[in-house]
Amino acid sequence: MEFILTAVLVLGAIALIAALVLYFVSRKFAVKEDPRIGQVTEILPGANCGGCGFAGCSGMAAALVKGADAGSVDGLRCPVGGDSVMTPIADLLGMAAGHAEPLVAVVRCNGTCELRPRTAEYDGLRTCAAMNATSAGETGCGYGCLGCGDCVRACAFDAIHMNPETGLPEVDEEKCTSCGACVKACPRHIIELRKKGPRNRRVYVRCVNKDKGAVARKACQAACIGCGKCVKVCQFDAITLENNLAYVDFTKCRLCTKCVDACPTGAMTKVNFPERKKPVAASPVEKSPAEEPKKEEVKA
């Protein structure tokens, strides 16, 4: 009996000493969290999409509070919440709310099933990452969309879907939050975040093929052939031609669409522009008998 009692007392003493040690250590090395971090986290949408560059909203909140203490939060922005989220956060932290142009994901590939015929059959794991790592895909274009939908699975907002007729992903502008998850998921880098533009109008090159013109056109009828006609007609120096591929700088583009008209393959694309009205042919004006020229009489 005494042995059991002694064992209980010893174990109790050890537990008490360990508890005291843990208590003093926790007090000594305690990390105090700024209460503003929790307040900012509550304002953030809680999507934890990583579009801001941090692992989650809590990381973004900590960075915003740290930046506010340093006097600058430049470059820190929640792409999901936008101004509706950043304005109350700026008010909470005593900072001026910055304004950024809204972005949207665009698919830079127009190689539909009709324009980019299938030349091979892939028999393996049906993901874009696996197909890109093991083969050039099922078409002659080694740059275009692989059509397995990795971007669809990566989107947490149901903003992108595969079109069964074209075999290409399509972005729902109303749902897209420009988090960039689809951009990271695409192994061919055909998805890009671009400025939405006034009235959601945009002009960009819907192709990423860097092969020479004849090779690119053979693989896809809508490929950019690097002819440079778009560069020549652009008056704003918004288009560059590099590695046989044209690119539109959306910070310089003025949406004149002259490049779209000049593109011979249709690789240059305009979005959300109204259709141009076809000129109405003028009806012939009937001349009155008085206006008709008199025929000269020929004497025999």
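Computed from the coordinates by the stated procedures, all read-outs in this text should not be read as laboratory data. Predicted model, so just to flag it, every value in this text is computed and none were measured. Glycine also receives a Cβ, built like all others from the backbone with ideal geometry; neighbour counts cover every protein chain displayed.
Note on segment 103-271: Cα-Cα pairs beyond 22 Å make up 42% of the total pair count. Beyond 18 Å in Cα-Cα separation lie the following of the pairs LYS195/LYS270; LYS195/LYS252; LYS232/LYS252; LYS195/LYS232; LYS196/LYS252: LYS195/LYS232.
Annotation: aspartates and glutamates with alpha-carbon distance below 13 angstrom to LYS258 (same-chain offsets under eight excluded): ASP237. Its alpha carbons considered, the chain gives a radius of gyration followed by a Dmax of 31.6, 158 Å.
Structural descriptor for segment 35-93: relative contact order 37 percent, calculated from alpha carbon pairs under 8 angstrom and at least 6 residues apart.
Each Cα pair under 8 Å and six or more residues apart adds its sequence gap; the mean of these over the residue count of segment 103-271 is a relative contact order of 24 percent. With contacts taken as Cα pairs under 8 Å and at least 6 residues apart, the chain reaches a relative contact order of 14 percent. Approximating the spin labels as points 7 Å out from Cα along Cα→Cβ, the ALA129-to-ALA15 distance works out to 4.7 nm. Lys/Arg Cβ at +1, Asp/Glu Cβ at -1, dipole of the chain taken about the Cα centre: which of GLY67, ALA133, VAL248 is farthest positive-ward? Of the listed residues, the answer is VAL248. The Cα center of segment 184-209 and the Cα center of segment 112-179 differ in position by 14 Å.
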